[in-house]
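Below: the structure, in structure tokens.
The values are calculated or read from the model by the stated rules, or taken from the named source; none is laboratory data. All values derive from a computational prediction rather than experimental measurement. Counting neighbours? That spans all protein chains shown, and the Cβs are built from the backbone with ideal geometry, glycine included. For the accessible areas, the whole protein counts, side chains as well, though only heavy atoms, and no ligand, DNA or RNA atoms are used. Shrake-Rupley method; radii C 1.70, N 1.55, O 1.52, S 1.80 Å.
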Amino acid sequence: MAAVRQYAVLDTPPESTFDHITSLTAELFGTPVALISIVAEDRVWFKSRHGMPMVQTSRDAGLCASAILQKRAWLLTDAASDPRALAHPLVAGDFGLRFYLGVPLTTADGSNLGTLCVMDHKPRSITKRQIASLNSLAAIVMDQLELRNAGRQAAVALAEAATAKDKALRLTTLMANEIDHRVMNSLQLVSGLLSMQSRTPSDDDVPTQLKQAAGRVSAIARVHQHIYLSEGIEHADVAQYLQRVCDDLSIMLQATNRGSIEVSGAEVKLPTARIVAIGLIINELVTNATKYGAGKVAVRFADTATGYTLSVSDEGDGPPPDEILKPARGFGMKVITSLVSQLRGDLSVGRKDDGTGTQVTIAFPREIALPHMP
């Protein structure tokens with residue numbers, strides 16, 4: 001209950017990102033109902049509901065209230081004959097619930113806030129693969145809740161630090177509003193990524209697609225984490241920021257024995273709105289370089305006479321440069337080209353100066369340093 005209060009999500013308005021997740025979950029499982037539930041002291045409230053007319057229900061044993069008491073999935077293949085849920089209002093009442101599968105939404109410290117669950121009006125069986133898919137979707141929900149909570153806690157901390165003086169308090173309020181604005185922009189970005197990925201044809205199976213989506217959501221969360229570590233809210237130093245992001249990626253590379261990352265960057269301060277996009281571009285390019293390339297990955301950000309350039313290169317024999325830019329190359333390249341377009345950049349792919357490896361270079365206009373690009 002302390003964790004539920006900490007995340008401050010109860011009775012908040014609908015958010016499109018969570019609604020996209022429940023809609024996608026219902027489609028993947030072929031069920032009429034999918035819910036993101038938060039379990040409070042005396043009720044189960046639905047943060048997002050697909051196919052469910054009610055906004056909340058009582059906290060009765062047998063469904064979400066039982067699912068949060070364990071780490072594994074809570075499954076009822078035929079609730080009408082399962083003594084664990086016979087008395088639950090959704091089973092005994094007019095709703096006529098027969099099938100339920102829910103997995104807990106678990107915080108980093110192990111507290112269960114609620115569930116991501118699917119329901120049906122008829123009995124049905126389930127596979128281990130489907131349970132794994134639901135767990136992956138639940139991880140995406142938690143990444144979103146963590147992102148929400150990080151922005152809220154930053155705003156609260158700033159407000160508490162400035163209560164002594166009215167002027168400082170007014171400044172803190174402006175900064176908190178700026179944080180909320182940045183977080184909402186990222187939530188919209190996450191929503192767009194999930195929608196884009198759900199519409200993109202792929203040969204990958206569902207768990208693989210969900211894992212990729214979860215990775216991109218985590219990347220956005222890391223972007224905001226490093227922005228909060230910067231000196232200011234409106235602007236961030238590119239060199240320091242890129243080093244922090246690549247340090248995170250290096251830790252993941254060490255775990256998979258996929259090489260190392262070398263970072264160099266000009267000491268330039270850019271608006272955080274541009275930093276978010278650059279961080280996600282770096283995440284995609286470095287991930288691609290370690291997947292298709294080999295050896296050391298070099299990340300460079302330079303301040304030139306005409307603007308700024310960002311390059312990522314590897315030492316491997318990856319696909320030919322003209323193949324990488326093809327639209328059919330993959331969802332990752334679609335994300336990169338979309339973000340580059342937002343920053344009005346020019347994307348090019350070639351070999352390094354010595355003719356080896358693959359180097360992706362993006363040239364940005366100097367206007368990206370302005371708070372609002374013309």
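Overview of values
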{"item": "Candidate set from the range 334-350 (those that are part of a helix (DSSP H, G or I) and hydrophobic (A, V, I, L, M, F, W, C)); member that is farthest from I278 (Cα to Cα)", "result": "V335"}
{"item": "Residue, modelled with the highest pLDDT, within the range 287-301, restricted to residues that are farther than 17 Å from T356 by Cβ and surrounded by fewer than 22 Cβ atoms within 10 Å (Cβ to Cβ)", "result": "T287"}
{"item": "Residue tally, condition more than 16 Å from the chain's Cα centre (by Cα) and either in a strand (DSSP E or B) or more than 18 Å from S81 (Cα to Cα) (or both), over the range 93-114", "result": "12"}
{"item": "Where a residue in the range 21-39 is more than 12 Å from L137 (Cα to Cα) and its partner, wherever it lies, is in a strand (DSSP E or B) and of a type in the set (V, I, T), with Cβ under 7 Å and at least six apart", "result": "T31/V118; V33/V118; S37/V44; S37/T115"}
{"item": "Residue list for the range 89-121, filter: of a type in the set (G, A, S) and without any contact (Cβ under 8 Å) to a residue 24 or more places away in the chain", "result": "A92, G93, G110"}
{"item": "Flag if T361 is out of contact with any His (no Cβ under 7 Å at 6 or more places or on another chain), under 21 Å from E262 (Cα atoms), outside any helix (DSSP H, G or I) and modelled with pLDDT under 85", "result": "no"}
{"item": "Residue match in the range 320-328 (condition: modelled with pLDDT under 90, of a type in the set (G, A, S) and buried (at least 17 other Cβ atoms within 10 Å of the Cβ))", "result": "no"}
{"item": "Where a residue in the range 122-142 is more than 19 Å from T22 (Cα to Cα) and its partner, wherever it lies, is outside any loop (DSSP other than H, G, I, E, B), with Cβ under 7 Å and at least six apart", "result": "K122/F99; P123/F99; R124/F99"}
{"item": "Residues within the range 70-106 that are crowded, with 20+ Cβ neighbours inside 10 Å and hydroxyl-bearing (S, T, Y), tallied", "result": "1"}
{"item": "The range 28-69, residues that are open to solvent by 40 Å² or more (accessible area, probe 1.4 Å), under 26 Å from the mean Cα position of the chain (by Cα), under 17 Å from S111 (Cβ atoms) and of a type in the set (K, R)", "result": "none"}
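Let's see how each residue does on (1) at pLDDT 90 or above; (2) farther than 29 Å from T77 by Cβ; (3) assigned to a helix (DSSP H, G or I); (4) open to solvent by 60 Å² or more (accessible area, probe 1.4 Å):
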site	(1), (2), (3), (4)
L116	yes, no, no, no
R129	yes, no, yes, yes
S133	yes, no, yes, no
I140	yes, no, yes, no
A154	no, yes, yes, no
A159	no, yes, yes, no
T172	no, yes, yes, no
L187	no, yes, yes, no
G192	no, yes, yes, no
